[in-house]
Amino acid sequence: MPQNIVEKILVSHLKEGDFVKGQEIGIRIDQTLTQDATGTMAYLQFEAMGLKEIKTDLSVSYVDHNTVQVGFENADDHRYLRTVAARYGVVFSRPGNGICHQVHLERFGKPGTTLLGSDSHTPTGGGIGQIAIGAGGIDVAVAMGGGLFYTAAPKVYLVNLTGELREWVTAKDVVLKMLELLTTKGNVGVMLEYGGKGVKTLSVPQRATIANMGAEMGVTCSVFPSDSVTKKFMKAQGREADWSELKADRGAKYDRVIELDLSSIELLAACPHSPGNIKKIAELAGGHVDQVCIGSCTNSSYRDMMTVAAILKGHKVKPGLTLAIAPGSRQVMQMLARNGGLADLLDAGARIQESACGFCIGNHFSPKSGGVSLRTSNRNFEGRSGTADAQVYLVSPEVAALAAITGEFTDPRKSGIAYPRIKEPSSFKADDVMFVKPSPELRNTEVVRGPNIGEPPKNDRMSEKLDGAVMIHVGDKITTDHIMPAGARLKYRSNVPKYAQYVFEPVDSTFHKRCLENKAAGGHNVIVAGESYGQGSSREHAAMCPMYLGVKAVVAKSFERIHAANLINFGIAPLTFRNAADYDAIKAGDKLTCSDWRAAFAEGRPVILKNGRTGASIECVSALSRRQKAILTAGGLLNQTTGK
């Protein structure tokens, strides 16, 4: 039977289950990646499970999120990551080597393989023909130890590309158009496959930009064919031997076909406060801009940076506006330094940032109060920039660079600046000195833990009854940034008791205190939410810290994939309202009880919650596999794996 690309990769890696849409399958993972914000806990869990060696083809530990060394915490975490990588056989990418997704695409991505990463933008690897999936750290730890990764056999949508992008229209505009079409919700269990004659017109970095922001649509991943364009990119990286052709069979079937003419796409922006709030640049033209940030794993390639340098050459940054530029990798930074692009950026007045995720996660370069910031990154959730009332727009590097000159939203076609035609180089500077690769000698390294690094917390086994209190009642599209703030708070990622003090800090700063009080009194804590709960990062702390605070259930209208999996991994039941109207009938402080809590899950029955205030019975469902039920009953994956 003809297969599409998704089926070819998944079926060849299938180790458990039948490939039937919607049913759980277990696949072998070839490569893993972690980063320092989520990776520290992943390796602590790897050790806690008693795993002794890496069994993937390749596992890489990147340090790219918390590279600002304020206090001892980040430096100690980086030392732990370096020593634990040496001990167990993980490649360690040192701070300053670049953003994990950009660097992995350059140096390790391999067509036809599977990649699992503890970062929600791991799907960037789809630009080079990988099935690349973001997951919680504990899932990555299991995969590093040779265990399978479990996911639902997906629906596959073909995005059939025709035509060619016009001048000034970019891959960023393509993915913003896809967000306009698919929105940020309702795409759980879907993988996107890009095909059609238009694919040949897109470089690997452009494809990676599109695959990167599939995460904002909620799809599991996006994948492009591996063709002559892919081969050319890998040859330029000195990795032609890793290339293989990958394409869909003639007659392959898809669950949906989306026709997209590249020549019809307009210049677009995602407006505050959602990547799905799309408007045309022409509609925004003339609007004031205070800050511009260019970089992130979405738009930080050599081509992106050289395009920006060409636009800025001979111009100056508008007085009163600040411009930050963060090349995505050391490789890109070195090439800019050698060909004069870096000098052009500096001459224009740009502030050059480290090749890291800093401004994207609100770790530095936050806008002023109420400031308008144009960014080439992938998320503009409220407060994510580090400034609660900032107005953040997501745009292409071209639009961002012009705004830095003019101080306002500017339609490039009316700017009077010539369109820069930047070609991909025939050879990239492949300098891997910032990787520490495994060796027999390093296996004797002592793993060093600083005072901020604690043990991974464990949950209690699932109780027979639920005696819950609604600690918070939130609306739609609650992100992991709402639940577990990033930015400066991330330095506590290895210290769960401390980090848990900030759960729901942007929404209700008293949440953690009330949870601990109810937990100490023997009660269970419950979160009630609207649609698309858990958007955003794969940050498993958004489940781990609520678990530490005694949260036993989240009742929502719908969940996003990674967060729902993380909740189960930490023994928190993700429940969906059978009748969405029941959401409005619950208030914060209500008592929700269930006399046959554990039995209902074990038997696959609806869970009936009794509201003590109203007397109403609320029917909830939770479509869990047998494996997930066992994890939930055990109180989480760590409990189940260690038998405790």
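Select from the range 97-141 the residues that are of a type in the set (A, V, I, L, M) and not in a strand (DSSP E or B) and list them in ascending order. Steps first, answer last, please.
The first filter runs over the range 97-141 and keeps only residues of a type in the set (A, V, I, L, M), leaving 99, 103, 105, 115-116, 128, 131-133, 135, 138, 140-141.
If the condition is that a residue be of a type in the set (A, V, I, L, M) and not in a strand (DSSP E or B), then Ile99, Val103, Leu105, Ile128, Ala135, Ile138, Val140, Ala141 are the ones that fit.
The set of residues in the range 201-229 being hydroxyl-bearing (Ser, Thr, Tyr), surrounded by fewer than 24 Cβ atoms within 10 Å (Cβ to Cβ) and part of a helix (DSSP H, G or I) consists of Thr201, Ser228.
From the set of residues in the range 379-398 that are over 20 Å from Arg489 (Cα atoms) and in contact with a strand residue (DSSP E or B) (Cβ under 7 Å, 6 or more places away or on another chain), which is surrounded by the fewest Cβ atoms within 10 Å (Cβ to Cβ)?
It comes out as Gln391.
Is it the case that Asp431 is in contact (Cβ under 8 Å) with a residue 40 or more places away in the chain and closer than 30 Å to Asn611 by Cα?
Working: in contact (Cβ under 8 Å) with a residue 40 or more places away in the chain: yes; closer than 30 Å to Asn611 by Cα: no.
When the stated conditions are applied, Asp431 does not pass them.
How about the range 240-271: which of its residues are under 30 Å from Tyr419 (Cα atoms), of a type outside the set (A, V, I, L, M, F, W, C) and either touching a Leu at 6+ places or on another chain (Cβ under 7 Å) or outside any loop (DSSP other than H, G, I, E, B) (or both)? Before you say what the answer is, go through the steps one by one.
We begin by selecting, within the range 240-271, every residue under 30 Å from Tyr419 (Cα atoms); these are 258-271.
Adding the requirement that they be of a type outside the set (A, V, I, L, M, F, W, C) leaves 259, 261, 263-264, 266.
Within the range 240-271, Glu259, Asp261, Ser263, Ser264 qualify.
Collect the residues in the range 21-44 that are hydrophobic (A, V, I, L, M, F, W, C) and either at pLDDT below 95 or under 12 Å from Arg493 (Cα atoms) (or both), keeping them in residue-number order. Selection gives Ala37, Met41, Ala42, Leu44. Residues in the range 388-408 that are small (Gly, Ala, Ser) and not in a helix (DSSP H, G or I): Ala388, Ala390, Ser396, Gly407.
Listed here are the residues, each with its yes/no results for (1) among the aromatic types (Phe, Trp, Tyr); (2) closer than 19 Å to Thr113 by Cβ; (3) in contact with a helix residue (DSSP H, G or I) (Cβ under 7 Å, 6 or more places away or on another chain).
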{"site": "Lys172", "(1), (2), (3)": "no, no, yes"}
{"site": "Thr184", "(1), (2), (3)": "no, no, yes"}
{"site": "Leu192", "(1), (2), (3)": "no, yes, yes"}
{"site": "Gly196", "(1), (2), (3)": "no, no, no"}
{"site": "Ser203", "(1), (2), (3)": "no, no, yes"}
{"site": "Phe233", "(1), (2), (3)": "yes, yes, yes"}
{"site": "Gly238", "(1), (2), (3)": "no, yes, no"}
{"site": "Asp242", "(1), (2), (3)": "no, yes, yes"}
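In the range 471-506, what count of residues is obtained for those that are part of a loop (DSSP other than H, G, I, E, B) and of a type in the set (Val, Ile, Thr)? Full working, then the answer.
Here is the first cut: in the range 471-506, the residues part of a loop (DSSP other than H, G, I, E, B) are 474-478, 484-486, 493-495, 503-506.
Retained after the next criterion (residues that are of a type in the set (Val, Ile, Thr)): 474, 478, 503.
Number satisfying all stated conditions: 3.
In the range 378-389, the residues that are under 19 Å from Leu179 (Cα atoms) reach residues that are aliphatic (A, V, I, L, M) and not in a loop (DSSP other than H, G, I, E, B) with C-beta atoms within less than 8 angstrom, at least six apart or across chains, in these pairs: Asn378/Ala215; Asn378/Leu394; Arg379/Leu394; Asn380/Ala270; Asn380/Val392; Asn380/Leu394. The listed residues are Lys437, Lys465, Lys491, Lys429, and the only one of them that is under 30 Å from Glu240 (Cβ atoms), in contact with a helix residue (DSSP H, G or I) (Cβ under 6 Å, 6 or more places away or on another chain) and charged (D, E, K, R) turns out to be Lys429. Only a single item in (1) closer than 29 Å to Ser301 by Cβ; (2) more than 22 Å from the chain's Cα centre (by Cα); (3) part of a helix (DSSP H, G or I) is not met by Thr38, and it is number (2). The set of residues in the range 254-270 that are of a type in the set (A, V, I, L, M, F, W, C) and touching a Gly at 6+ places or on another chain (Cβ under 6 Å) contains only Leu262. Just wondering, is there one or more residues in the range 415-423 that are under 25 Å from Asn299 (Cβ atoms), in contact with a strand residue (DSSP E or B) (Cβ under 8 Å, 6 or more places away or on another chain) and either exposed (fewer than 15 other Cβ atoms within 10 Å of the Cβ) or not assigned by TED's automatic domain parsing to the domain that holds Trp168 (or both)? Scanning the range 415-423 turns up no residue that is under 25 Å from Asn299 (Cβ atoms), in contact with a strand residue (DSSP E or B) (Cβ under 8 Å, 6 or more places away or on another chain) and either exposed (fewer than 15 other Cβ atoms within 10 Å of the Cβ) or not assigned by TED's automatic domain parsing to the domain that holds Trp168 (or both). Please work out if Arg449 is exposed (fewer than 15 other Cβ atoms within 10 Å of the Cβ), of a type in the set (D, E, K, R) and not assigned by TED's automatic domain parsing to the domain that holds Asn339. Here the answer is no, as Arg449 does not meet what is asked. Answer yes or no as to whether Ser296 is closer than 29 Å to Gly534 by Cβ and among the small types (Gly, Ala, Ser). In short, yes. Screening the candidates Gly163, Gly186 for the property of being surrounded by fewer than 24 Cβ atoms within 10 Å (Cβ to Cβ), of a type outside the set (S, T, N, Q) and farther than 24 Å from Ile422 by Cβ yields one hit, Gly186.
The values are calculated or read from the model by the stated rules, or taken from the named source; none is laboratory data. Given the structure is predicted, the values throughout are model-derived calculations rather than measurements. Cβ sites come from the backbone with ideal geometry, for glycine too, and all protein chains shown count toward neighbours.
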